[in-house]
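Note sheet for the following structure.
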Amino acid sequence: MSELSAPGAQTLDAILTAYGHSPTQLVQILREVQGAQHHIPPAAQAHIASALGLPIGQVQAVVAFYAFFHEQPMGRYRVLFSDNITDRMLGSQALFEHMLGRLKLRADEVSADGAVSVGLASCTGMCDQGPAMLVNNRAITRLTPRRVDEICELIRSAVPLADWPSYYFKVEDNIRRADVLLGAQWVPGEALRAAIARGPTGLLSEMKVSNLRGRGGAGFTTAVKWEAARVAEGSARYVVCNADEGEPGTFKDRVLLQSFAGHVFEGMTIAAYAIGAQRGFLYLRGEYTYLLPALQAHLAGLRHSRLLGASICGVPGFDFDIEIHVGAGAYVCGEETALIESLEGKPGRPRIRPPFPVTHGYLGQPTVVNNVETLCKVLEIATHGGAHYAGLGTKQSTGTKILSVAGDVERPGLYEYPFGVRINQVLEDCGARNPQAVQISGAAGMCLSAREFGRRISFEDVPTAGSFMVFGPQRDMFEVARNFAHFFAHESCGFCTPCRVGTTVVANIMDKIANGHGTQYEMNELGHLADVIKGSAHCGLGTAACNAVVETVEKFRPAYEQRLKRMDFEPAFDLDAALAPTRALSGRDDAGAHLAQDMEPH
Ligand SMILES: Cc1cc2nc3c(=O)[nH]c(=O)nc-3n(C[C@H](O)[C@H](O)[C@H](O)COP(=O)(O)O)c2cc1C
Ligand code: SF4
């Protein structure tokens with residue numbers, strides 16, 4: 001292992017000092033090192049391990065786990081194109097190839113001068129303004145060939161990112177329909193004071209009456225979670241805001257964090273008041289690092305106004321503060337126990353449950369994890385009471401839901417509706433023309449065909465964490481499912497074999513079908529693998545990984561069948577095609593120089 005240079009060691013020591021030499025800050029420390037040095041070489045890992053008193057294996061495991069960490073240099077400009085299906089529908093693949101061509105690079109290759117590398121990332125959460133890319137974790141949206149050319153020129157001329165045109169980095173909110181959350185007047189501290197006036201138990205009663213359910217996907221009743229954490233035994237309690245928002249097609253939390261950060265932090269503070277927590281974390285996905293300075297400034301303002309810190313609002317003993325942790329490109333870290341592992345400075349692998357975070361969460365203490373939108377909703381309940389809140393929506397799905405609408409629509413963006421809205425209504429409002437399908441709740445969600453557009457967004461019918469991707473009649477639903485299959489193969493954390501191996505095999509089978517080598521055998525295998533993975537996966541990623549494949553096979557079967565070459569079996573490897581260069585060399589291309597094409601039994 002090569003030695004660290006003196007400036008390298010100084011940079012590391014400054015970063016370690018800024019994070020208090022705390023092992024729980026390992027992901028943050030590595031993120032800073034990656035940013036400063038464009039990679040985290042083995043010598044730096046050893047230095048960090050020794051400074052934090054950690055086994056070197058733990059630091060190596062964390063570096064290996066997160067997509068944004070690299071042991072080898074990745075280019076001073078690290079370009080990543082968002083590879084969600086909606087970016088592809090907007091032409092991202094052609095732009096990716098265009099950029100590689102302009103820079104004379106292959107995917108993920110580092111240029112000879114070490115200046116640049118270009119690769120792909122899972123959905124970057126900019127689906128309403130794609131195609132999008134990240135450059136050193138800064139999002140650039142609405143890419144065109146011309147903008148890609150300009151970016152190549154800036155890179156060639158080594159212009160620092162800070163000097164690139166500021167309009168490149170503009171991220172729009174695109175709020176198209178506002179209801180009680182996105183449209184309400186908000187006075188900082190008002191909801192918090194209302195919560196304090198109710199007292200922790202009074203507030204919890206209102207939360208119960210409201211029947212607020214989590215907006216992160218599972219729809220768990222928030223009051224039950226808070227109550228459990230409040231009564232659990234522990235020496236400290238924690239509130240965690242899950243801002244990992246990695247589900248393809250979802251971007252509502254991005255807008256809430258960008259334009260409603262006060263709501264988010266106040267919701268966390270109210271949760272802390274209810275359960276008796278003194279420390280909170282906002283876990284921000286790495287793709288949203290651009291929001292960090294504004295969020296930090298917002299927290300400083302809250303401390304200044306005594307809405308955070310010691311004796312909040314003048315209440316003795318009500319002490320609470322919030323730290324922001326930034327993720328490093330792992331979708332699975334949105335799963336609450338994986339998120340807690342990451343907060344503790346470890347690879348983000350889901351824990352075995354029970355015990356649940358409400359009793360054994362961060363550092364083994366009672367912890368409430370809530371989605372960004374859930375925490376924003378708390379303000380309405382604290383201010384107006386639970387019954388008022390429950391007056392909107394349906395019986396089991398009270399209040400409103402924010403949808404992130406993207407794909408083949410005229411007006412992509414955020415739409416807030418009372419729960420119970422029909423899919424048809426949303427499609428009409430966003431300007432979808434003759435859609436054939438809507439993928440609800442992301443790659444892990446449900447694929448609805450036109451016959452099902454009368455169904456309602458609600459926990460009773462079509463539950464969703466927020467993603468609403470629309471596919472017009474020209475779209476190939478097989479390719480949609482193939483994109484999602486690759487997403488899961490890429491994001492599987494590898495902890496359990498059926499998910500680690502199975503998601504890759506599913507993606508390979510989808511490629512085999514796409515390449516014209518699919519048969520009924522592969523169709524059967526897809527169904528078989530989906531059952532195995534779903535039945536044995538340790539966490540929700542694996543459980544949901546084959547949903548899109550299974551549903552598109554069921555509802556859009558012709559998209560698969562038209563690609564099937566034959567009905568028995570066809571090897572994925574095409575030996576005849578592989579022999580083409582040899583035939584060219586020997587100058588023979590007659591029938592006898594080819595392998596038999598028709599091997600069907602006669
Ligand atoms: C693979 C996976 C990814 C997830 N990603 C997120 C996420 O990005 N944001 C989120 O709030 N919940 C996510 N969840 C759900 C969380 O585990 C958890 O249920 C949620 O944060 C609880 O908050 P809520 O009760 O307010 O919904 C994910 C779950 C799984 C299995
Ligand atoms: S199901 Fe997949 S993502 Fe979840 S723990 Fe197992 S390997 Fe990891």
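Restricting attention to segment 65-86, the residues that are without any contact (Cβ under 8 Å) to a residue 40 or more places away in the chain and under 24 Å from the mean Cα position of the chain (by Cα) add up to 2. Scanning segment 295-343 for residues that are within 15 Å of Gly280 (Cα to Cα), in contact with a helix residue (DSSP H, G or I) (Cβ under 7 Å, 6 or more places away or on another chain) and within 16 Å of ligand 1 (Cβ to nearest atom) returns Ile324, His325, Val326, Leu339, Ile340, Ser342, Leu343. Look at segment 487-504: where a residue is closer than 17 Å to Glu247 by Cβ and a partner is among the charged types (D, E, K, R) and within 13 Å of ligand 1 (Cβ to nearest atom), sitting 6+ places away or on another chain with Cβ atoms under 6 Å, you get Cys493/Arg349. Confirm whether Pro316 is modelled with pLDDT of 95 or more, away from ligand 2 (no atom under 16 Å from the Cβ), surrounded by fewer than 24 Cβ atoms within 10 Å (Cβ to Cβ) and in a loop (DSSP other than H, G, I, E, B). In short, yes. Quick check, is Ala338 under 14 Å from the mean Cα position of the chain (by Cα), crowded, with 21+ Cβ neighbours inside 10 Å and either outside any loop (DSSP other than H, G, I, E, B) or not acidic (Asp, Glu) (or both)? Criteria met by Ala338.
Residues that are more than 16 Å from ligand 2 (Cβ to nearest atom), hydrophobic (A, V, I, L, M, F, W, C) and either touching an Asp or Glu at 6+ places or on another chain (Cβ under 9 Å) or in contact (Cβ under 8 Å) with a residue 60 or more places away in the chain (or both) do occur in segment 516-523, at least one of them.
Conditions tested, residue by residue: (1) acidic (Asp, Glu); (2) within 13 Å of ligand 1 (Cβ to nearest atom); (3) under 23 Å from Gly364 (Cβ atoms).
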| residue | (1), (2), (3) |
| --- | --- |
| Ala191 | no, no, no |
| Arg198 | no, no, no |
| Gly217 | no, yes, no |
| Phe265 | no, no, no |
| Met268 | no, yes, yes |
| Ala271 | no, yes, yes |
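Within segment 517-555, take every residue that is outside any helix (DSSP H, G or I) and within 14 Å of Val501 (Cα to Cα) and give me the one that is farthest from ligand 1 (Cβ to nearest atom). Ranking the qualifying residues of segment 517-555, first place goes to Cys546.
The residue pairs whose first member lies in segment 25-42 and is within 11 Å of Pro73 (Cα to Cα), whose second member is acidic (Asp, Glu), and whose beta carbons are closer than 7 Å, counting only pairs six or more residues apart or on different chains, are His39/Glu71; Ile40/Glu71; Pro41/Glu71. Failed condition for Leu257, given (1) hydrophobic (A, V, I, L, M, F, W, C); (2) without any contact (Cβ under 8 Å) to a residue 24 or more places away in the chain; (3) within 30 Å of Val409 (Cβ to Cβ), with all others met? Unmet for Leu257, out of (1) hydrophobic (A, V, I, L, M, F, W, C); (2) without any contact (Cβ under 8 Å) to a residue 24 or more places away in the chain; (3) within 30 Å of Val409 (Cβ to Cβ): (2).
Of all residues in segment 477-507, those satisfying the criterion of being surrounded by 19 or more Cβ atoms within 10 Å (Cβ to Cβ), polar (S, T, N, Q) and more than 17 Å from Gly527 (Cβ to Cβ) are Asn483, Ser492. Considered as a group, the residues in segment 483-502 that are away from ligand 1 (no atom under 12 Å from the Cβ) and among the polar types (S, T, N, Q) include one that is nearest to His538 (Cα to Cα), and that residue is Thr497.
Among the conditions (1) within 17 Å of the chain's Cα centre (by Cα); (2) farther than 21 Å from Leu204 by Cβ, the only one that Lys401 does not satisfy is (1). Taking residues in segment 266-287 that are outside the structural domain of Ser122 (by TED's automatic domain parsing), and partners anywhere that are modelled with pLDDT of 95 or more and among the aromatic types (Phe, Trp, Tyr), the pairs with Cβ atoms closer than 6 Å and at least 6 places apart or on different chains are Thr269/Phe320; Ala272/Phe320; Ala274/Trp226; Ile275/Trp226; Ala277/Tyr238; Gln278/Phe320; Arg279/Tyr238; Gly286/Phe68. Checking each residue in segment 108-129 for being farther than 22 Å from Glu491 by Cβ and surrounded by fewer than 17 Cβ atoms within 10 Å (Cβ to Cβ) picks out Glu109, Ala112, Asp113, Gly114, Ala115.
Among residues that are part of a loop (DSSP other than H, G, I, E, B) and of a type in the set (A, V, I, L, M, F, W, C), Ala432 is included.
Inspect segment 350-360 for any residue being hydrophobic (A, V, I, L, M, F, W, C) and assigned to a helix (DSSP H, G or I) and give the result as yes or no. Checked segment 350-360: no residue is hydrophobic (A, V, I, L, M, F, W, C) and assigned to a helix (DSSP H, G or I). Please work out which one of (1) surrounded by 15 or more Cβ atoms within 10 Å (Cβ to Cβ); (2) assigned by TED's automatic domain parsing to the domain that holds Val255; (3) β-branched (Val, Ile, Thr) is the condition Ile155 fails and give its number. The number of the failed condition is (2).
Looking only at residues of segment 169-227 that are within 29 Å of Arg138 (Cα to Cα) and β-branched (Val, Ile, Thr), we find that the one that is farthest from the chain's Cα centre (by Cα) is Ile175. Would segment 292-302 turn up any residue that is in contact with a Leu (Cβ under 9 Å, 6 or more places away or on another chain), more than 23 Å from Val27 (Cβ to Cβ) and either at pLDDT 95 or above or assigned by TED's automatic domain parsing to the domain that holds Gly385 (or both)? Scanning segment 292-302, I find at least one residue that is in contact with a Leu (Cβ under 9 Å, 6 or more places away or on another chain), more than 23 Å from Val27 (Cβ to Cβ) and either at pLDDT 95 or above or assigned by TED's automatic domain parsing to the domain that holds Gly385 (or both), so the answer is yes.
Let's see how each residue does on (1) of a type in the set (A, V, I, L, M); (2) more than 21 Å from the chain's Cα centre (by Cα):
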position: Val470; (1), (2): yes, no
position: Gln474; (1), (2): no, yes
position: Ala481; (1), (2): yes, no
position: Gly494; (1), (2): no, no
position: Thr497; (1), (2): no, yes
position: Gly518; (1), (2): no, yes
position: Val549; (1), (2): yes, no
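Considering segment 499-514, and only residues there that are away from ligand 2 (no atom under 15 Å from the Cβ) and among the charged types (D, E, K, R), the residue that is farthest from the chain's Cα centre (by Cα) turns out to be Lys512. Filtered by the rule that a residue be outside any loop (DSSP other than H, G, I, E, B) and buried (at least 20 other Cβ atoms within 10 Å of the Cβ), segment 130-145 gives Met133, Leu134, Val135, Ala139, Ile140.
The values are calculated or read from the model by the stated rules, or taken from the named source; none is laboratory data. Remember, predicted model here, so these are calculated numbers, not experimental data. Ideal geometry is used to build each Cβ from the backbone, glycine not excepted, and the neighbour counts take in all protein chains shown.
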